[in-house]
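Please read the structure below before turning to the comments.
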């Protein structure tokens, strides 16, 4: 569709655009053309038939002449027509000349974040690549948001710019959605606009022809906690394949939200799609900081609470509340069903492994993916149910006290207590294995060893020198207090989640053990397609394609922009993110208590990093934590992590065990092995001291 046809549609739909008319080449040749009531100066713009197609774009290849006075109109028309390969039958656009304060381009992808590039003045420098723009990601606002922006500010937009600009951009976001609904553009729209006198004007809207440029904001977040620095190839493939299914949990609550992937693979790693989550939060009228604070990521949208939009989503919230009110029962029923179903299917596969190995592996893969999707979906349900009540308790200063006071503890805390008892020879190894042999470091990856598989040498590294002394204990409040009994149901939701994790890890072990019995090689290092070929007899052990030469990147970036070519860019490139860098001075307190000690800096959990400093006291400092770090927790007096949340699995263990702890420590506060520090588990503050200062205190 030509640029002229696009503008005619925009005008017909009563969207704001400068006044314009068209001139046909034949009329120009005959001198029989008019521009109606347009006032000079005008802009003469190209509108060649192949300029803005659905499959390819020739933007910027044909002439545009700006600020044309009446005496130069014919000359400008001739220049534009002469830039066409075949001017016969062609048309040009004559448009009222606008001298805007700002011009820009919005890349509004149907699936992906919306990138907005802005410059001051005319937009020709931006389109022609001669001026470097400021860039932000534009949230998807609706018409009600655009009207509400006139009365109160809920979006920062471009920092240090006038409010009229950001209000105009909110209108742009709404108009972009109107255009996406009405225009035939498979991948999205490239929309040129300007802002003049605080008023938004649409200049052009062409189909995007490069879907691979669609970007999402990805974050390590929860994955950095539960998966190893380089997840196995098989686990990464299973997680990534389940990406769209995992987002269905939210779409079942609100089918009006577009289909997105909850997980995206980048640099060989499975990342959480933060932009999809925040688009959903904007859609519901909630503040985006809620999600960013919970996962420890930067808030690149910075959208505040919008009550007018929340009112429209009351049915969705009521549906979510109904689901959450029955969350515990739903989880218990689901787990009971899958335990029985998978046990039956494992028995069925015993025959298949003997006769139809390819079919057996295909069924194994399908069952394991379904288990993973079910686990994450029910974790999402429980997290939604418990996050509100526990956040209120934390605000009141009661969460840590309540967790410590309750005699009943979560399954993850029981795991830590059992490991500590094993270290101090209170229970023997067989007793520990009967309860927790299915667990281990980074147990959410099926490629990781479980305690059942440990050799004697492994156990010696894991336990260290064993003693007969009593394990260290922390004083706790009595669980008989009335307030503790009244508030206990809120914490028990967290207990249900930890129980779900523990029971599901038993099933993960069953799936791992099944393939260990069928393969003489580390199956987790291979892609599902390679394993399928092996079990079908098309490949043998020697001919199996080895994993790629380029290893996964690891969790080398916390939050970043990623397109489908695999290009990764830091969020610091966005204009509204610069001031967030080094902004926070403290982390989030998990359990109160001031501790001084030597930093034990551990990058990842494993047998080779289990030896703490010889001198004590010791404070563990890690990138991220998980219940698999229990062998570390029993060796330290305090714990700090850079990634995590108030309700993460490790935070629950630390809180219930009474270990002073901090999470979401800002990344610019660097702590290294041997630093002598003071941490405050109540305020989240950390100070690097000298030994002399410590002794004076």
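Checking residue 572 against (1) in contact with a strand residue (DSSP E or B) (Cβ under 7 Å, 6 or more places away or on another chain); (2) outside any loop (DSSP other than H, G, I, E, B); (3) more than 30 Å from residue 503 (Cα to Cα): exactly one of these is not met. Which one?
For residue 572, the exception is condition (1).
Do the conditions hold for residue 55, that is, is it closer than 21 Å to residue 185 by Cα, assigned to a loop (DSSP other than H, G, I, E, B) and either in contact with a strand residue (DSSP E or B) (Cβ under 9 Å, 6 or more places away or on another chain) or at pLDDT 90 or above (or both)?
yes
Return the only residue of 144, 185 being over 20 Å from residue 102 (Cα atoms), touching a helix residue (DSSP H, G or I) at 6+ places or on another chain (Cβ under 6 Å) and assigned by TED's automatic domain parsing to the domain that holds residue 197.
Testing whether each residue is over 20 Å from residue 102 (Cα atoms), touching a helix residue (DSSP H, G or I) at 6+ places or on another chain (Cβ under 6 Å) and assigned by TED's automatic domain parsing to the domain that holds residue 197 leaves just 144.
Taking residue 630 and the conditions (1) free of Cβ contacts under 8 Å to residues at least 12 places away in the same chain; (2) touching a helix residue (DSSP H, G or I) at 6+ places or on another chain (Cβ under 8 Å), which numbered condition does it fall short on, given that it satisfies the others?
Condition not satisfied by residue 630: (1).
Which of the helices (runs of 4 or more DSSP H) found entirely inside the stretch 157-264 contain at least 2 residues meeting this: over 30 Å from residue 364 (Cα atoms)?
Because the criterion is at least 2 residues that are over 30 Å from residue 364 (Cα atoms), the helices (runs of 4 or more DSSP H) in the stretch 157-264 that meet it are 163-182.
May I ask you to verify whether residue 86 is assigned to a loop (DSSP other than H, G, I, E, B), surrounded by fewer than 22 Cβ atoms within 10 Å (Cβ to Cβ) and more than 46 Å from the chain's Cα centre (by Cα)?
yes
Before we move on, is residue 331 assigned to a helix (DSSP H, G or I) and surrounded by 19 or more Cβ atoms within 10 Å (Cβ to Cβ)?
Criteria met by residue 331.
Can you tell me which residues in the stretch 1-28 are assigned to a helix (DSSP H, G or I) and either assigned by TED's automatic domain parsing to the domain that holds residue 197 or over 17 Å from residue 48 (Cβ atoms) (or both)?
Listed by number, the residues that qualify are 9, 10, 11, 12.
Scan the stretch 601-609 and give yes if some residue there is within 23 Å of the chain's Cα centre (by Cα), surrounded by fewer than 24 Cβ atoms within 10 Å (Cβ to Cβ) and within 24 Å of residue 301 (Cβ to Cβ), otherwise no.
No, the stretch 601-609 has no match at all.
If I go through the stretch 224-246 residue by residue, how many of them are under 13 Å from the mean Cα position of the chain (by Cα) and crowded, with 23+ Cβ neighbours inside 10 Å?
1
For residues in the stretch 406-430 being farther than 14 Å from residue 630 by Cα and over 34 Å from the mean Cα position of the chain (by Cα), which is modelled with the lowest pLDDT?
The qualifying residue modelled with the lowest pLDDT is 407.
Name the residues in the stretch 441-455 that are crowded, with 18+ Cβ neighbours inside 10 Å and not in a helix (DSSP H, G or I), would you?
Across the stretch 441-455, the qualifying residues are 441, 442, 443, 444, 445, 446, 447, 448, 450, 454.
Of the residues that sit in the stretch 517-533 and are assigned to a helix (DSSP H, G or I) and without any contact (Cβ under 8 Å) to a residue 60 or more places away in the chain, which one is farthest from residue 447 (Cα to Cα)?
533
Can you report the number of residues in the stretch 10-30 which are in contact (Cβ under 8 Å) with a residue 12 or more places away in the chain and either under 19 Å from residue 65 (Cα atoms) or in contact with a strand residue (DSSP E or B) (Cβ under 8 Å, 6 or more places away or on another chain) (or both)?
13
Since residue 649 meets every condition but one in (1) farther than 11 Å from residue 590 by Cα; (2) crowded, with 22+ Cβ neighbours inside 10 Å; (3) touching a strand residue (DSSP E or B) at 6+ places or on another chain (Cβ under 9 Å); (4) modelled with pLDDT under 90, which condition does it not meet?
Result: residue 649 fails condition (3) only.
Over 30 Å from residue 540 (Cα atoms), touching a helix residue (DSSP H, G or I) at 6+ places or on another chain (Cβ under 6 Å) and surrounded by fewer than 17 Cβ atoms within 10 Å (Cβ to Cβ): does that describe residue 380?
Yes.
Scan the stretch 614-623 for residues that are in contact with a strand residue (DSSP E or B) (Cβ under 9 Å, 6 or more places away or on another chain) and over 11 Å from residue 640 (Cβ atoms) and jot them down.
Across the stretch 614-623, the qualifying residues are 615, 616, 617, 618.
The values are calculated or read from the model by the stated rules, or taken from the named source; none is laboratory data. Since the model is a prediction, treat every value here as computed from it, not as a measurement. All Cβ positions, glycine included, derive from the backbone under ideal geometry; neighbour counts span all protein chains shown.
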